[in-house]
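A.B. asks: This is the structure I have questions about; it appears just below.
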Amino acid sequence: MPVARRPAWPWFTNLVTAVTSVARGMAATLRTWVRTHQAGKQTFTEEFEYPELGAPVAARYRGYHRFDLTTCIACDQCAKACPVDCIYIGKERAEGAKGFRVTGYSIDYTKCMFCALCVEPCPVDCIFMGATHDLSSYTRDGAVVDFSRLPLEVAWGKATLNPTAVAASKAVAAPVDGGPNVVRI
């Protein structure tokens with residue numbers, strides 16, 4: 001019984017499609033490269049001096065949070081509104097006063113989806129979305145930001161959240177008295 005041979009044209013059609021797709025992709029890359037490296041035109045990092053100076057963002061951009069620790073009343077409304085439970089609030093009852101005192105306010109940015117649902121229910125407007133778009137770290141622990149341990153200008157929302165400030169807030173100082181964990185040589 002003779003074996004039916006398939007026509008060769010689908011193979012050639014696939015070959016032509018693959019070559020044209022690669023050619024279009026390379027043409028787009030070449031166009032972008034030529035536009036970026038024209039005489040007098042700067043690259044993105046030269047134009048915006050990133051990361052030293054932040055890149056411009058849209059007016060309603062949802063970046064890493066800014067938090068004013070002085071106005072927070074520890075009402076837990078932001079933590080309750082968060083759909084992924086990434087906000088952790090530590091509080092204790094204020095002595096001689098009504099209400100609570102914030103002892104810790106952490107946001108786990110490995111879980112956060114930047115939906116801004118935590119901003120709406122805040123009765124004192126102490127949390128809002130910032131314009132910072134880069135909080136790089138080498139570990140997952142670096143993505144958990146405790147706003148109560150940050151420098152005051154960052155924690156109060158006066159300065160932008162940056163990886164250096166977050167890393168400095170996680171540093172643990174050695175005990176002054178040379179406690180049991182200090183090795184003496």
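The values are calculated or read from the model by the stated rules, or taken from the named source; none is laboratory data. Quantities reported herein were computed from a predicted structural model and do not represent experimental measurements. Note that we place each Cβ from the backbone using ideal geometry, even for glycine, and neighbour counts take in every protein chain shown.
A.B. asks: Before we move on, is ARG140 over 19 Å from VAL84 (Cβ atoms) and touching a residue at least 12 places away in the same chain (Cβ under 8 Å)?
C.D. replies: On the way: over 19 Å from VAL84 (Cβ atoms): no; touching a residue at least 12 places away in the same chain (Cβ under 8 Å): yes.
Taking the combined requirement at face value, the residue does not satisfy it.
A.B. asks: Assess whether THR160 counts as being closer than 21 Å to ARG60 by Cβ and either at pLDDT below 80 or in a helix (DSSP H, G or I) (or both).
C.D. replies: On the way: closer than 21 Å to ARG60 by Cβ: yes; either at pLDDT below 80 or in a helix (DSSP H, G or I) (or both): yes.
So THR160 passes the test.
A.B. asks: Now for a separate question. If a residue has to be surrounded by 17 or more Cβ atoms within 10 Å (Cβ to Cβ), hydrophobic (A, V, I, L, M, F, W, C) and more than 13 Å from PHE67 (Cα to Cα) to count, how many in the stretch 105-134 make the cut?
C.D. replies: Within the stretch 105-134, residues that are surrounded by 17 or more Cβ atoms within 10 Å (Cβ to Cβ), hydrophobic (A, V, I, L, M, F, W, C) and more than 13 Å from PHE67 (Cα to Cα) number 1.
A.B. asks: Among the listed residues ALA165, ALA74, which satisfies the condition of being aliphatic (A, V, I, L, M), on the phi > 0 side of the Ramachandran plot and without any contact (Cβ under 8 Å) to a residue 40 or more places away in the chain?
C.D. replies: Values: ALA165 fails: on the phi > 0 side of the Ramachandran plot.
Only one candidate qualifies: ALA74.
A.B. asks: Working only within the stretch 82-104, note down all residues that are part of a loop (DSSP other than H, G, I, E, B) and surrounded by 17 or more Cβ atoms within 10 Å (Cβ to Cβ). Before you say what the answer is, go through the steps one by one.
C.D. replies: Step one: list which residues in the stretch 82-104 are part of a loop (DSSP other than H, G, I, E, B), which gives 82-86, 94-99.
Once the filter is applied, which keeps residues that are part of a loop (DSSP other than H, G, I, E, B) and surrounded by 17 or more Cβ atoms within 10 Å (Cβ to Cβ), the stretch 82-104 yields CYS82, CYS86.
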